[in-house]
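**Q** Here it is, the structure, as structure tokens.
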Protein chains: 2
Amino acid sequence: MTALRPWTETRVVGTARPRIDGYDRVSGSAVYARDLVLPDMLYAAFARCPHAHARVRKVDTRRAETMPGVQAVLTGDSPGAKLPFYFGEKGPLSWLFDPHCRFEGEEVAAVAAETQAQAEAAARAIEVDYEELPFVVDMERALKPDAPAVHEGGNRAGEPDRYQRGDVARGFAEAEAVVEMTFRTPCAIHTPMETHGSVARWEGDRLTIWDTNQGVFDLRSAYAQFFQLPLSQVRVASAYMGGGFGSKLEPGKYTLAAALLARQTGRPVKLFLSREESFLCVGNRPPNVLTLRAGARKDGTLTALQLTSLGTGGAYPEGTSAGYLVSDLYTCPHVKIEETAVYVNAGKARAFRAPGFPQGAWALEQTMDALALKLGMDPLALRLKNVPTVSQRRNNLPFTSTGLRQCLEDGAKAFGWAEARRRPRAAGPLVRGIGVAAGMWGWDGEARGSAIVRFIADGSVSLTTGASDIGTGTKTVLAMVVSEELGVPPEKIQVDHADTATTPYAVLSGGSQTTHINAPIVRAAALDVKQQLMVMAAEQLKVEEGALELRDGVIVATNAPDKKVALKDLAALQEQQVLVGVGRRDPHPKGKVALPFVVHFAEVEVDTRTGEVRVLRLLGAHDSGRVMSRLSYENQVFGGMTMGIGFGMTEGRVLDRNTGKMANANWHDYKIPTAMDVPAEPVCLPVDPHDTECNSVGAKGLGEPATIPTAAAIANAVFDATGIRISETPINPTQMARLLAERRVGR
Amino acid sequence: MTALRPWTETRVVGTARPRIDGYDRVSGSAVYARDLVLPDMLYAAFARCPHAHARVRKVDTRRAETMPGVQAVLTGDSPGAKLPFYFGEKGPLSWLFDPHCRFEGEEVAAVAAETQAQAEAAARAIEVDYEELPFVVDMERALKPDAPAVHEGGNRAGEPDRYQRGDVARGFAEAEAVVEMTFRTPCAIHTPMETHGSVARWEGDRLTIWDTNQGVFDLRSAYAQFFQLPLSQVRVASAYMGGGFGSKLEPGKYTLAAALLARQTGRPVKLFLSREESFLCVGNRPPNVLTLRAGARKDGTLTALQLTSLGTGGAYPEGTSAGYLVSDLYTCPHVKIEETAVYVNAGKARAFRAPGFPQGAWALEQTMDALALKLGMDPLALRLKNVPTVSQRRNNLPFTSTGLRQCLEDGAKAFGWAEARRRPRAAGPLVRGIGVAAGMWGWDGEARGSAIVRFIADGSVSLTTGASDIGTGTKTVLAMVVSEELGVPPEKIQVDHADTATTPYAVLSGGSQTTHINAPIVRAAALDVKQQLMVMAAEQLKVEEGALELRDGVIVATNAPDKKVALKDLAALQEQQVLVGVGRRDPHPKGKVALPFVVHFAEVEVDTRTGEVRVLRLLGAHDSGRVMSRLSYENQVFGGMTMGIGFGMTEGRVLDRNTGKMANANWHDYKIPTAMDVPAEPVCLPVDPHDTECNSVGAKGLGEPATIPTAAAIANAVFDATGIRISETPINPTQMARLLAERRVGR
């Protein structure tokens, strides 16, 4: 397939338009998986281990089975329930219902009953005899020889993750300034608005899962494997979904339990987690301890970066690396990274918006500031000195575009960086400071999938795509692409999506690839339909096909404007009723890498009496290529910044060292930012380097970059205001008050 | 698009396989529209006029509005409810809620409430002040000058329907034998297992209708027009449906009322009719009075046919013609037909399995027998004498195949016609007789639509078609077509269908066109995918693409069997995950007509003491081209014969002349045949004339021919047994006892 020509100008793409499904979402008429009610449907609930570490001696379900409304009880001994669930390097590490419970909240049994309340009551009535085991929830303690073992074979989760280029010893020898610091990042919980859960139904050997997930096709593969079914016999549908942030990419035990209970009872089963359950067992951002050493010449040229880190994915294997950004954001010849992962008695981590990158930015971008201070340079100038043009991590392949410089320069200008730097610092209890931090994202997506555009005889359009709209506006963006090519207003385009039964394959919605990969595919499908219309019109008008244009529902001969035919008068279209167009994957550009860049600027005010930090201003300068939909773009940037504030200032799982249990597994004690915690008028500054190579629409990823550097920019601003380096999140009054007192700031 | 080569041999097509969705249907796990439950859904019911003819003076909804659970009451005065519904030649003839009620059961108002019982109670509580009007329910009386007028302008429903070829006067002059008889056929009710109804939901300006219907795309057009919406903003879905027989092709007032109530309340609304309601207002087969005169030469050559008929579509316009079959089944140079339609105060007719054809066959095939008797010929020989090769009704275009002769000959042989004719007639109270009747169907479908086949990397397949499976096995037949081409077993093919949101356009499932039109389209889609697989394999194996074959999941070079690649090792497929293939319409053969033929043979036993008639044997010899699925084919034939028994022997709407109301609007009093009424072992004899021209799969229509001649064959058998010509249905003990007494048969 030859690549399509990029757009030179657009009429619809890039404009600010409301979501095509905004009304449905806001009015409550959208049916999320959680809203689904099927005839004869049962409700299910889990019995969970209340201990951080325990062995199940016996599960007694007799009382539960006799309770009102109970239709089925599922334990590890039920037929078909011994499904391997988490895997290590040498095979299954645990089971759907594992008698060895490795964290508080691990699933022990499940119940299906006529109502949700009956299911929960019966789950509570399951009597489990536990042998409590010693536990470890602290990752540094987990490495000690006497630490309780989460798994046989000890707490090291495989070999350390290592990366090296050049020779850091030489790099540090060449350095004229070196800094080294240790940082800590929190274990953040995804906690999307809609909790995790599924509705499962069997029709003979065909399984349907109505789900809240980020990729119906990948999950179909997973469930087909669990139940040994051909892919065509498993349907996974996810019409509306209420956020995922990476936590809804993996198969869920709730889905398996719902499917098993449905098979056992011959009835559909709904199993949705409570808010509290969702804190314990469906993922988190792994916490890291990062020690970063950086060296540079006097002019700011980086010579060496060395990172050692420790992280934990909880009780089961999960990537905890934070090194990619450290190794690829700036030009640096000598880099060495070693990252160790350990098991602790806590819920397993999952991919969380830019896995590892906010952690890496927290360390790298504060270290860059420290280095700038040591060199006596403007932090902005130090960054500009080291802007790369190739991906050192990917065989030095050039970027299709590198907007990092433009983000730094245009962002600084819009933020008023130079003026703010010159402004005298306030005396008195309220001090202000500014900070900057940069970032990039390291994945350009899987170039596969297809889309179908159907052009209807009345001039309206139907788009069918397998892509999930996880709340980011994918449906709207893709409808705008169709609108651009076919001149049909987005509100006349019906979008159906994310249903393996009816939509073509699309990559999962994660890794900031959704628009980057799917928009070109959808464009190709629209152009396929357009081509069919042109052939029809050429035949009817008796002109050459290449000499026609589609404008406002009329096909006109470019050089003979009186030769024209309205779509409604296009005989072949009216006869055929619906034209079907197929778009297929747009290959990646050869020998290049298409990645987005980002720079965030922050201004904070610190109350030196109370330790309170207010974020006064935030500006996000983004190079994500073309702005496809202005409002969706801003929405991503503001959402990402808000999540960045949470990551840096308010969020963090608290595991009680005495019990091993989570102390803040709810929205009251686990604090996500609210409207009061974000600046009233954040600024979104898209920087478009007119990337004509990344794909046929010119868009790169956005969802993940938007949250990467926010926390680091705020920490740098706090340092600017107070001289205090906040190496450990959260930047909250508890920590600030202690640090301010220690350093006697403001006294 | 060039036509595909027809199959020479098949491995899957034509075999006897269970329905791919058989388990779902039989186990009750299939979700029909009636089973659908949406969150927050309301239930609705109609208030209906209890009089045969009345004018609404006032509708008082006050009491209903205050009843428990009531959320909305809809009358003709409600905003947006004044929708024109039935149309005459000069525009709207009536409205959704018409104050002039023209039959018992016409809709007057509707209510939506929290439960079905509440809705029905409130509908009963609506107080309507009616002015009762004189009525007419007898179609012959309706033509009298003093008859009450159903519509202003009188009871003639337009000009009579006329057809003529040759000169019947000359034809009858040339005849050496002439017979003339008058026949009556019943008003039969479709009464499918699942009654009519819809669930309607609005999301902003987008309307979704979950429905039980026979053509989602045609109904989408209708509802888009009612509500003035672009087609893309209306979704009509009909996953499973429980029979239609033609009664579910038209838009329903229940759908409009559900949609209006949903818009008024902002909640989804379900409105399904009760069994009793479904007898009154959603269609019937129009009753006819037919006078047929036929002339032939001594050798049996037909010279003239003249038909005059009267029919009624009830209170609103509907085709009542029964003449097509009379004019095209046999070669006859001189034909004249005049058919008059009148209005009466009764529910409107709708297309019913082969509209007009069983009526025509009832008259023509009994007349042929009478003519044979007069000529002293074997009834079979008379028919064989007049087998056509061209469609006289369609400009003498040749048929792609005419299996009528083969049906007569092979059917007679298999039935033992000659032997049975020679058998001496029994003396005594139980007498036996045999009969034959032929038929044809007059429509070869609309050649339009598309289908999508998606080939999944694990070798399973997904087929997406807009066609409705109205219970006839369409999904299974189409899956077998895909299986044939791609070697994937039907049970690994997921079929999704009949949803305007996600499937490509397909013609409605009616007129026996579903398989005839869609199977070639689906075949083309499968071949599109196959072609993509071949290109991939040719590249990987480095061979010419034309020299490859797909066998059992492996692509092999025809001339070098060691050059092969399994689909699971086909790198490009595994990378692309899913291949999308599109199939488009197969054009009709030029200058030819593709129509099916049928001959039914019957043996009956008449108890001359009671008038009871038992059908001992039935054989259906069918030329519907290729047998696509042996079990579905038999199912159609046996179902059609059973319906033919109902048409001839048990069914008929009874309108009380004193009240104008239907006396048997339920399954107790309106008798459809049960297992006790059909022969234990009916015979299905497919006659395949290897039609390579009708389309790329060789199949013609079957659903309708299967019911056309059954009743006539039974009537001819009764004549053979008793010498009594049953001109008027039903052949039941009431009528038989009277006729037997009059003729003193068996005494």
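**Q** Based on what the data block shows, is A:LYS530 part of a helix (DSSP H, G or I), open to solvent by 60 Å² or more (accessible area, probe 1.4 Å) and either at pLDDT below 95 or touching a helix residue (DSSP H, G or I) at 6+ places or on another chain (Cβ under 7 Å) (or both)?
**A** On the way: part of a helix (DSSP H, G or I): yes; open to solvent by 60 Å² or more (accessible area, probe 1.4 Å): no; either at pLDDT below 95 or touching a helix residue (DSSP H, G or I) at 6+ places or on another chain (Cβ under 7 Å) (or both): yes.
So A:LYS530 does not fit the description; no.
**Q** Based on this model, can you work out whether B:LYS542 counts as touching a residue at least 12 places away in the same chain (Cβ under 8 Å) and either more than 9 Å from every other protein chain (Cβ to nearest Cβ) or more than 18 Å from the chain's Cα centre (by Cα) (or both)?
**A** Numbers: touching a residue at least 12 places away in the same chain (Cβ under 8 Å): no; either more than 9 Å from every other protein chain (Cβ to nearest Cβ) or more than 18 Å from the chain's Cα centre (by Cα) (or both): yes.
No; evaluated as a whole, the condition is false for this residue.
**Q** If I go through region B:468-504 residue by residue, how many of them are assigned to a loop (DSSP other than H, G, I, E, B) and either in contact with a Cys (Cβ under 8 Å, 6 or more places away or on another chain) or within 13 Å of chain A (Cβ to nearest Cβ) (or both)? Before you say what the answer is, go through the steps one by one.
**A** First, the residues of region B:468-504 that are assigned to a loop (DSSP other than H, G, I, E, B): B:468-473, B:487-489, B:498, B:500-504.
Then drop every residue that is not either in contact with a Cys (Cβ under 8 Å, 6 or more places away or on another chain) or within 13 Å of chain A (Cβ to nearest Cβ) (or both), which leaves B:488-489, B:498, B:500-504.
Residues meeting the conditions: 8.
**Q** Out of the strands (runs of 3 or more DSSP E) lying entirely within region A:108-226, which hold 3 or more residues that are open to solvent by 10 Å² or more (accessible area, probe 1.4 Å) and modelled with pLDDT of 95 or more? Spell out the reasoning first.
**A** Working: elements: A:127-132, A:161-165, A:177-185, A:197-203, A:206-211.
In region A:108-226, A:127-132, A:161-165, A:177-185 are the strands (runs of 3 or more DSSP E) which contain 3 or more residues that are open to solvent by 10 Å² or more (accessible area, probe 1.4 Å) and modelled with pLDDT of 95 or more.
**Q** If you don't mind, there's one more thing I want to ask. Using the structure shown, decide if A:GLU338 is closer than 29 Å to A:ILE470 by Cβ and open to solvent by 10 Å² or more (accessible area, probe 1.4 Å).
**A** On the way: closer than 29 Å to A:ILE470 by Cβ: no; open to solvent by 10 Å² or more (accessible area, probe 1.4 Å): yes.
In short, no.
**Q** What number of residues in region B:455-464 are within 7 Å of chain A (Cβ to nearest Cβ), more than 23 Å from B:GLY215 (Cα to Cα) and either free of Cβ contacts under 8 Å to residues at least 12 places away in the same chain or not β-branched (Val, Ile, Thr) (or both)? Even if it seems obvious, please write down each step before you answer.
**A** As a first pass, look at region B:455-464 and keep what is within 7 Å of chain A (Cβ to nearest Cβ): B:456, B:458, B:460-462, B:464.
Subsequent filtering for residues that are more than 23 Å from B:GLY215 (Cα to Cα) retains B:456, B:458, B:460-461.
Narrowing further to those that are either free of Cβ contacts under 8 Å to residues at least 12 places away in the same chain or not β-branched (Val, Ile, Thr) (or both): B:458, B:460.
Summing the residues that are within 7 Å of chain A (Cβ to nearest Cβ), more than 23 Å from B:GLY215 (Cα to Cα) and either free of Cβ contacts under 8 Å to residues at least 12 places away in the same chain or not β-branched (Val, Ile, Thr) (or both) in region B:455-464 gives 2.
**Q** Does A:ALA557 meet the test of being more than 42 Å from the chain's Cα centre (by Cα) and surrounded by fewer than 20 Cβ atoms within 10 Å (Cβ to Cβ)?
**A** Details: more than 42 Å from the chain's Cα centre (by Cα): yes; surrounded by fewer than 20 Cβ atoms within 10 Å (Cβ to Cβ): yes.
Taking the combined requirement at face value, the residue satisfies it.
**Q** So, in region B:538-562, exactly how many residues are modelled with pLDDT under 90 and of a type in the set (S, T, N, Q)?
**A** 2
**Q** Looking at region B:447-463, which of its residues are closer than 30 Å to B:ALA566 by Cβ and either surrounded by fewer than 24 Cβ atoms within 10 Å (Cβ to Cβ) or out of contact with any Pro (no Cβ under 7 Å at 6 or more places or on another chain) (or both)?
**A** B:VAL453, B:PHE455, B:ILE456, B:ALA457, B:ASP458, B:GLY459, B:SER460, B:VAL461, B:SER462, B:LEU463
**Q** A:ARG34 - would you say it is touching a residue at least 60 places away in the same chain (Cβ under 8 Å) and within 11 Å of another protein chain (Cβ to nearest Cβ)?
**A** On the way: touching a residue at least 60 places away in the same chain (Cβ under 8 Å): yes; within 11 Å of another protein chain (Cβ to nearest Cβ): yes.
It is true that A:ARG34 is touching a residue at least 60 places away in the same chain (Cβ under 8 Å) and within 11 Å of another protein chain (Cβ to nearest Cβ).
**Q** Among the residues of region B:707-725, what is the count of those that are surrounded by fewer than 24 Cβ atoms within 10 Å (Cβ to Cβ) and in a loop (DSSP other than H, G, I, E, B)?
**A** 3
**Q** Sticking with this one: Could you tell me how many of the residues in region B:622-678 are open to solvent by 50 Å² or more (accessible area, probe 1.4 Å) and closer than 17 Å to B:THR185 by Cα?
**A** 3
**Q** Give region A:536-571 a look and list any residue that's within 22 Å of B:GLU446 (Cα to Cα) and either outside any helix (DSSP H, G or I) or in contact with an Asp or Glu (Cβ under 7 Å, 6 or more places away or on another chain) (or both), or say none.
**A** A:LEU570
**Q** Considering region A:560-583 alone, what residues qualify as being away from chain B (no Cβ under 14 Å), farther than 17 Å from B:ARG448 by Cα and either open to solvent by less than 20 Å² (accessible area, probe 1.4 Å) or within 45 Å of the chain's Cα centre (by Cα) (or both)?
**A** To start, the set of residues in region A:560-583 that are away from chain B (no Cβ under 14 Å) comprises A:560-566, A:569-570.
Then keep just the ones that are farther than 17 Å from B:ARG448 by Cα; that gives A:560-566, A:569.
Answer for region A:560-583, where residues must be away from chain B (no Cβ under 14 Å), farther than 17 Å from B:ARG448 by Cα and either open to solvent by less than 20 Å² (accessible area, probe 1.4 Å) or within 45 Å of the chain's Cα centre (by Cα) (or both): A:VAL565, A:ALA566.
**Q** Got a number for residues in region B:316-336 being in contact with a Lys or Arg (Cβ under 6 Å, 6 or more places away or on another chain) and either within 14 Å of B:TRP441 (Cα to Cα) or without any contact (Cβ under 8 Å) to a residue 12 or more places away in the chain (or both)?
**A** Final tally of qualifying residues: 2.
**Q** Which residue pairs have Cβ atoms closer than 7 Å, lie 6 or more positions apart in sequence or on different chains, and pair a first residue in region B:53-71 that is at negative phi with a second residue that is small (Gly, Ala, Ser) and assigned to a strand (DSSP E or B)?
**A** Listed by first residue and then by second, the contacts come to B:VAL59/B:ALA109; B:THR61/B:ALA109; B:VAL70/B:ALA113; B:GLN71/B:ALA112; B:GLN71/B:ALA113.
**Q** Follow-up question, since we're still on this one. Identify, by number, the condition in (1) more than 14 Å from chain A (Cβ to nearest Cβ); (2) surrounded by fewer than 19 Cβ atoms within 10 Å (Cβ to Cβ) that B:LEU74 doesn't meet.
**A** Of everything listed in (1) more than 14 Å from chain A (Cβ to nearest Cβ); (2) surrounded by fewer than 19 Cβ atoms within 10 Å (Cβ to Cβ), B:LEU74 misses just condition (2).
**Q** Pick from B:PRO268, B:PRO251: which is modelled with pLDDT of 95 or more and open to solvent by 30 Å² or more (accessible area, probe 1.4 Å)? Explain how you work it out, then say what you get.
**A** On the way: B:PRO268 fails: open to solvent by 30 Å² or more (accessible area, probe 1.4 Å).
Only one candidate passes the filter, namely B:PRO251.
**Q** Against the condition under 27 Å from the mean Cα position of the chain (by Cα) and within 14 Å of chain B (Cβ to nearest Cβ), how does A:ASP586 come out, does it pass? Talk me through it step by step, then tell me what you get.
**A** Working: under 27 Å from the mean Cα position of the chain (by Cα): yes; within 14 Å of chain B (Cβ to nearest Cβ): yes.
When the stated conditions are applied, A:ASP586 passes them.
**Q** Under the condition of being open to solvent by 10 Å² or more (accessible area, probe 1.4 Å) and either assigned to a loop (DSSP other than H, G, I, E, B) or modelled with pLDDT under 95 (or both), which residue from region B:314-328 is nearest to B:THR291 (Cα to Cα)? So that I can check it myself, show each step before the final result.
**A** First, the residues of region B:314-328 that are open to solvent by 10 Å² or more (accessible area, probe 1.4 Å): B:317-321, B:324.
Remaining after also requiring either assigned to a loop (DSSP other than H, G, I, E, B) or modelled with pLDDT under 95 (or both): B:317-321.
Numbers: B:PRO317: 22, B:GLU318: 21, B:GLY319: 18, B:THR320: 15, B:SER321: 13 Å.
Result: B:SER321.
Table: residues versus (1) buried (at least 20 other Cβ atoms within 10 Å of the Cβ); (2) within 30 Å of the chain's Cα centre (by Cα).
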| site | (1), (2) |
| --- | --- |
| B:ARG394 | no, yes |
| B:SER401 | yes, yes |
| B:PRO424 | no, no |
| B:ILE434 | yes, yes |
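**Q** Sticking with this one: Here are B:LEU93, B:LEU42: which of them is of a type in the set (A, V, I, L, M, F, W, C) and modelled with pLDDT under 95? First the steps, then the outcome.
**A** Details: B:LEU42 fails: modelled with pLDDT under 95.
Step by step, each of B:LEU93, B:LEU42 is checked, and only B:LEU93 is of a type in the set (A, V, I, L, M, F, W, C) and modelled with pLDDT under 95.
**Q** Which residue, of B:GLU681, B:GLU704, B:GLU742, B:GLU728, is surrounded by 18 or more Cβ atoms within 10 Å (Cβ to Cβ), closer than 27 Å to B:GLY433 by Cα and of a type in the set (D, E, K, R)?
**A** The unique qualifying residue is B:GLU704.
The values are calculated or read from the model by the stated rules, or taken from the named source; none is laboratory data. Computed from a prediction, not measured in an experiment: that's the story for all the values here. Every residue, glycine among them, receives a Cβ derived from its backbone with ideal geometry; neighbour counts consider all protein chains shown. Only protein heavy atoms, including side chains, enter the accessible area calculation; ligands, DNA and RNA are left aside. Shrake-Rupley method; radii C 1.70, N 1.55, O 1.52, S 1.80 Å.
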